[in-house]
Amino acid sequence: MIVHPSLSLQGRRALVTGAGRGLGRAIAVGYAQAGASVVMCARREGLLKETAAQARTFGGEVVPIVADVTEEADVQRLAEAAGPVDILVNNAGTYRSGDWQTVPLSDWDEIIRLNLYAPFRLCQVFAPGMVERRWGRIINVASVYGSMGPKWQLYPESWGPSSYFASKHGIHGITHYLSSRLAPHGVTINSLSPGPIMTSDQRVGLDAAGEERLRKAEGLARSEIQMARLGDEDDYVGPAIFLASPGSRYITGQDLKVDGGWSAW
Ligand SMILES: NC(=O)c1ccc[n+]([C@@H]2O[C@H](COP(=O)([O-])OP(=O)(O)OC[C@H]3O[C@@H](n4cnc5c(N)ncnc54)[C@H](OP(=O)(O)O)[C@@H]3O)[C@@H](O)[C@H]2O)c1
C-alpha cells in the first residue's frame with residue numbers, strides 16, 4: 001500500500017489510553033495499521049488483550065499495559081513500560097447519567113479525575129520527552145459537549161452529569177494552555193471532539209429499553225445531524241491518524257469536531 005509520507009506513522013511510538021474498546025480500540029488498531037508501534041492501556045486485561053491481538057495483525061510492536069490512568073502508581077508504571085512516546089492519545093473517559101441538582105459529588109470528583117486530571121497528568125509525564133526530541137503529537141479526546149451544553153429539547157428529562165460537560169470544556173483549556181508551551185519545541189496538542197456516537201460495544205447486548213433508546217437516538221440523528229446518522233468508532237480513525245501524523249505539524253491548540261456536521265447548522 002502506498003501512503004503519502006505526511007500521513008504515515010512509520011517509526012513513531014504511540015500511547016493510547018482507554019484502548020480496551022470503543023474509540024480507543026479503533027484508534028490503537030488504526031495506528032498499528034498506519035505503521036506506529038502502539039502502547040495501549042485500560043483496566044480490564046481481557047478487553048485490552050483483544051485490542052492488542054487486533055493491532056498485532058499489522059506486524060508492528062504492540063505493548064498492552066493494564067493501568068488505571070487516575071492512579072499515580074499506575075501512571076509511573078505506564079511511563080516506565082512505555083518508554084519514549086511520540087504520540088499521546090488521551091482517550092480514556094466516561095460519563096454517567098444524572099441530574100445536576102442531585103448528582104453525588106463523589107461522581108463529580110470521579111469524572112473530573114478521569115476526564116480532566118488524568119489527561120493533564122499524562123501530558124506532564126510524556127510531553128517533556130517529546131520536547132527533548134523536538135517532535136510530538138498530543139491528542140485529547142474531548143466532545144462536542146466541550147463547547148456547548150445539552151439541548152433541552154433533546155434531553156427533556158435532563159441528561160448527563162454537569163461534570164462531564166465541565167471536564168470536556170476543561171480539556172479545551174488544557175489544550176490551549178499547553179499549545180503555547182509546546183509549540184516552540186515542535187510538539188503539537190489538539191483535541192478531537194466526537195459528536196453522538198453509537199460504538200459497536202454500545203450496541204452489544206441492549207435490552208428492550210436500550211433498543212428503544214437506540215431507535216430514538218437514530219431518529220434524532222436523522223433530523224439533527226447533517227450526515228443523518230450516528231457516528232461509529234471507525235469515523236475517528238482517519239482524523240486521529242491525521243492529528244498524529246507529520247502532516248499536521250502546523251496545527252496546534254485546535255479542536256477538530258468529528259460530528260457529522262451536527263454543530264455546523
Ligand atoms: N461514545 C460517545 O458517544 C462519545 C461521545 C463524545 C465523546 N466521547 C469520548 O470519547 C472517549 C472514548 O469514548 P468511548 O465511548 O469509546 O468509551 P468506552 O467505550 O466507555 O471505553 C472507554 C475505555 O476507557 C477505559 N478506561 C475507563 N476508565 C479508565 C481508567 N481509569 N484508566 C484507564 N482506562 C480506563 C475503558 O476500559 P476499562 O474500563 O477496562 O478501564 C475503555 O477501554 C471518551 O473520552 C469519551 O468521553 C465519546
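Laboratory data are not the source of any read-out in this text; all were calculated from the coordinates shown. The structure displayed is predicted, hence computed values, not measured ones. Note that each Cβ is placed from the backbone with ideal geometry, even for glycine, and that neighbours are counted across all protein chains shown.
Find which of I197, Q226, H176 sits farthest along the positive direction of the dipole of region 165-242, computed with +1 on the beta-carbon of Lys and Arg, -1 on that of Asp and Glu, about the Cα centre.
Checked the options; the winner is H176.
Identify all lysines with a Cα-Cα distance to K216 below 29 Å; exclude those on the same chain that are fewer than 8 residues away in sequence.
K151, K168, K257
With a 10 Å Cβ neighbour count serving as the proxy for reagent exposure, in which order, fewest first, do W135, W108 appear? Write down the numbers at each step before the final one.
Numbers: W135 16, W108 19.
Least crowded to most crowded, the residues run W135, W108.
Taking only DSSP H segments of four or more residues, each worth -39500 (n - 2.57), what value at 222 nm results for the chain once the sum is divided by all its residues, to the nearest 500 deg cm²/dmol?
Working: 9 runs with 109 residues, N = 265.
Mean residue ellipticity at 222 nm (helix-derived): -13000 deg cm²/dmol.
Estimate the FRET efficiency between L214 and Q153 by the formula 1/(1 + (r/R0)^6), using the beta-carbon distance for r and 30 Å for R0, to the nearest 0.05.
On the way: r = 19 Å, r/R0 = 0.64.
Efficiency for this residue pair is about 0.95.
Which residues' amide hydrogens lie under 5 Å from the amide hydrogen of I197, considering only partners 5 or more residues apart or on another chain, with H built in the peptide plane?
G231
Per Stokes-Einstein, at 10 °C and 1.306 mPa s, what whole-number D in µm² s⁻¹ belongs to the chain, with the Kirkwood radius over Cα pairs as the hydrodynamic radius? Please report the intermediate quantities before stating the final value.
Details: Rh = 18.8 Å.
Here the translational diffusion coefficient equals 84 µm²/s.
If the only charges are +1 at each Lys and Arg Cβ and -1 at each Asp and Glu Cβ, what is the size of the charge dipole of region 173-265 around the Cα centre, to the nearest 20 debye? Each step should come with its number before you reach the end.
Values: 9 positive and 12 negative charges, 76 e Å.
In debye, rounded to 20, region 173-265 gives about 360.
Give, in nm to one decimal, the length gained when the segment between E72 and T102 is fully stretched (0.36 nm per residue of separation minus the Cα-Cα distance).
Values: separation 30, 0.36 × 30 = 10.80 nm, distance 2.97 nm.
Working it through step by step, the gained length comes to 7.8 nm.
With +1 assigned to the C-beta of every Lys and Arg and -1 to the C-beta of every Asp and Glu, and no other charges, what is the dipole magnitude of region 36-120 about the Cα centre in debye, to the nearest 20? Display every interim value, and only then the final one.
Working: 7 positive and 13 negative charges, 57 e Å.
For region 36-120, the charge dipole is close to 280 debye.
Can you give the FRET efficiency to the nearest 0.05 for F58 and R133, using r as the Cβ-Cβ distance and R₀ = 30 Å? List each step's numbers first, then the result.
On the way: r = 24 Å, r/R0 = 0.80.
For R0 = 30 Å, the calculated efficiency reads 0.80.
Sort T57, T199 so that the residue with the fewest other Cβ atoms within 10 Å of its own Cβ comes first and the one with the most comes last. Intermediate values should be presented prior to the final figure.
Details: T57 11, T199 20.
Sorted ascending by nearby Cβ count, the order is T57, T199.
What full-extension length gain, to one decimal in nm, is calculated for Q10 and A79 as 0.36 nm per residue of separation minus the Cα-Cα distance? Working shown, then result.
Numbers: separation 69, 0.36 × 69 = 24.84 nm, distance 2.14 nm.
Extra length available between Q10 and A79 comes to 22.7 nm.
So if I place +1 on the C-beta of Lys and Arg and -1 on the C-beta of Asp and Glu, and nothing else carries charge, what would the dipole magnitude of region 30-173 be about its Cα centre? I want it in debye, nearest 20. Let's see the in-between values first.
On the way: 13 positive and 15 negative charges, 86 e Å.
Magnitude of the dipole: close to 420 debye.
Could you point to the residue in T94, G129, P150 farthest towards the positive end of the chain's charge dipole, with +1 and -1 charges on the Cβ of Lys/Arg and Asp/Glu respectively?
G129
For the chain, with the dipole built from +1 on Lys and Arg beta-carbon atoms and -1 on Asp and Glu ones, taken about the Cα centre, which of I111, L23, S163 lies farthest toward the positive end?
L23
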